[in-house]
Every structure is written in C-alpha cells, then in structure tokens.
Amino acid sequence: MAKQTILDSKEGANPQVENGYTRIANELLEALARVRLSSYEMSIVLTVIRKTYGWQKTLDTIADSQFVEATGISRSHVWRTLSRLEERSILTKVRPGKGRRATVWALQKDYTRWDGYEMLPVRGAKEDDRNATSSGSIMLPGEVAKEARSATRTGSHKRKDINKEKERGIPPRIKKSDREETVSRFVKLFVPSIPGREAPYGDYPSGTALDDIDCMAELWGDAVVQEAIEAAAKTGKSKLGPGYIEAIIFRWKKERGIEPRITRREYDHYVQTR
C-alpha cells in the first residue's frame with residue numbers, strides 16, 4: 001500500500017509554524033523577488049535556503065540526490081542549473097564535491113552581486129508597470145524546450161542604449177551565449193516550422209540528447225557543432241541525433257584536419273563537473 005502524504009489527504013495541506021519554519025531576512029526575500037530566475041533556478045535556490053536557513057545555518061553539504069528529491073528536477077538539469085546559479089553569483093560553492101563527498105553550498109547574501117538583480121525601479125515606468133510581473137525567461141518544470149530557447153544575460157550593453165530603454169520602461173535585452181545558440185539550433189530540428197505540423201525529426205529531444213550536444217560543443221567548439229547541425233539538417237534524414245552530428249564532425253576531422261579545442265582530460269573533467 002502506498003504511503004499517504006498530507007498532499008493526498010482529503011483535508012488538504014495545513015502548514016503550521018509549530019511544525020517548523022525557515023527564518024530568513026525579509027530583505028533577502030525581497031531581493032529574490034527582484035532577480036529574474038527560471039522556475040528551475042528558483043526551485044534550486046529555495047532548496048538551498050531550506051537546507052541552510054531552515055536549519056539555522058548559512059551553508060550546508062547538499063548532495064545532487066537531495067536536489068533531485070526536493071525539486072523533482074532530473075540530475076543533469078540540477079547540475080546545469082547549479083552551474084548557472086554559481087556563474088550568476090547567486091549561489092556560492094563553498095567546497096567542491098570530490099568522490100563521495102558532496103558539495104557545500106550557500107546562498108550569496110550580498111544580493112547586489114547577483115547577475116540579473118535590479119536595484120532600482122525602471123525610471124519613467126508607471127506605478128502599475130512596476131508592480132507587474134516581468135515576462136522574463138520563465139519555464140515550467142519539464143519544459144526543456146523553453147529552457148533551450150531562453151537566454152541568460154551575458155556581457156554588457158552600451159550605456160546610452162540601456163538608459164533609453166529604462167526611460168521607456170523596456171526590460172534589459174537578453175543576448176544568447178554561443179552554447180545556448182548551439183543547443184537552440186539542435187532543438188529547431190525537432191520543432192515544426194509551421195504550428196500544427198508534425199516536427200521534422202520526431203519528438204522533442206531528450207535531456208540526454210541535449211547534454212550530449214552541450215558536451216560535444218565543449219569538446220569541439222560551438223562554431224563547429226553549429227555548422228555540423230546545419231549540415232545535418234540539409235541531409236533530409238528522418239532521424240538526426242547527437243551521434244549523427246558527431247559523425248559529421250569526425251568526417252571533417254579527417255577531411256579538414258580539425259582538432260578538439262580541449263584535451264580528453266579536460267573534457268572528462270567537464271562532463272563530471274557540469
């Protein structure tokens with residue numbers, strides 16, 4: 001007999017602080033409301049807060065399996081999201097994991113260092129606009145397609161352009177990174193160009209296929225993989241997975257003499273730590 005949880009109860013959930021609560025500064029919660037996070041990122045951040053501040057700690061050893069159990073996100077996407085949050089200075093990797101030892105994580109309390117945090121309201125925007133929810137790069141769990149198409153803020157824009165956009169109440173522009181562009185091009189092979197039509201190469205690619213493309217781009221470079229994806233699309237084959245694209249690259253290695261951009265050891269390290 002399956003174990004019944006409070007969520008299965010007919011009475012419904014009835015959380016009480018007497019059963020436990022997380023003590024966190026209101027200022028940090030308000031900062032989280034101002035930073036643009038995808039649903040995956042928010043789930044991971046909330047898990048870190050629960051594992052740390054929920055136990056009156058500022059840092060904690062959190063295994064990948066704990067993130068998977070707490071969020072329901074697959075392990076590969078947990079790794080990718082953690083890496084992205086660390087790059088954005090929202091989470092801090094206090095001590096890297098090694099062997100069976102899990103990584104020690106902490107929330108970066110200095111929210112002014114968070115990439116994507118907006119300290120001040122947009123000038124010139126109406127009060128109603130300031131209270132409205134930004135469309136952002138929001139993604140429901142499991143919607144890998146939106147994640148592949150979404151782009152994180154990278155680089156800096158010209159100051160005068162930013163000022164003009166702020167005065168008009170326009171959110172900051174988002175620029176795709178080379179890796180996101182690579183994954184996006186692969187995803188387009190599985191997305192019909194006309195709504196309602198069958199996708200040209202079957203169902204949406206699995207998370208494993210997207211991970212393979214990411215690792216392939218790390219080894220050979222985004223430009224090479226993007227070109228291989230375009231070449232694969234022109235063949236008209238019914239099935240175009242990462243293996244077919246990699247075969248094109250290996251053929252180019254013989255014909256053009258292209259070489260991997262990193263060593264095998266560096267590649268193995270990337271696969272294990274991504």
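Quick notes on this structure:
- Members of region 27-66 found to be in a helix (DSSP H, G or I), of a type in the set (Val, Ile, Thr) and in contact (Cβ under 8 Å) with a residue 40 or more places away in the chain, listed by number: 44, 45, 48, 49, 52
Residue-by-condition table, conditions (1) outside the structural domain of residue 184 (by TED's automatic domain parsing); (2) within 26 Å of the chain's Cα centre (by Cα); (3) over 17 Å from residue 181 (Cβ atoms); (4) loosely packed, with under 14 Cβ neighbours inside 10 Å:
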residue: 222; (1), (2), (3), (4): no, yes, no, no
residue: 226; (1), (2), (3), (4): no, yes, no, no
residue: 231; (1), (2), (3), (4): no, no, no, no
residue: 236; (1), (2), (3), (4): no, no, yes, yes
residue: 248; (1), (2), (3), (4): no, no, yes, no
residue: 254; (1), (2), (3), (4): no, no, yes, yes
residue: 257; (1), (2), (3), (4): no, no, yes, yes
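- Restricting attention to region 32-50 and to residues that are within 17 Å of residue 86 (Cα to Cα) and in contact with a strand residue (DSSP E or B) (Cβ under 8 Å, 6 or more places away or on another chain), the residue that is surrounded by the most Cβ atoms within 10 Å (Cβ to Cβ) turns out to be 44.
- Among residues of region 1-26 that are at positive phi, none has a Cβ under 8 angstrom from a residue that is surrounded by 10 or more Cβ atoms within 10 Å (Cβ to Cβ) and modelled with pLDDT under 90 at a sequence gap of 6+ or on a separate chain.
The values are calculated or read from the model by the stated rules, or taken from the named source; none is laboratory data. In this text, all values refer to a predicted model and were calculated from it rather than measured experimentally. Please note: Cβ atoms are built from the backbone with ideal geometry, for glycine as well, and neighbour counts cover all protein chains shown.
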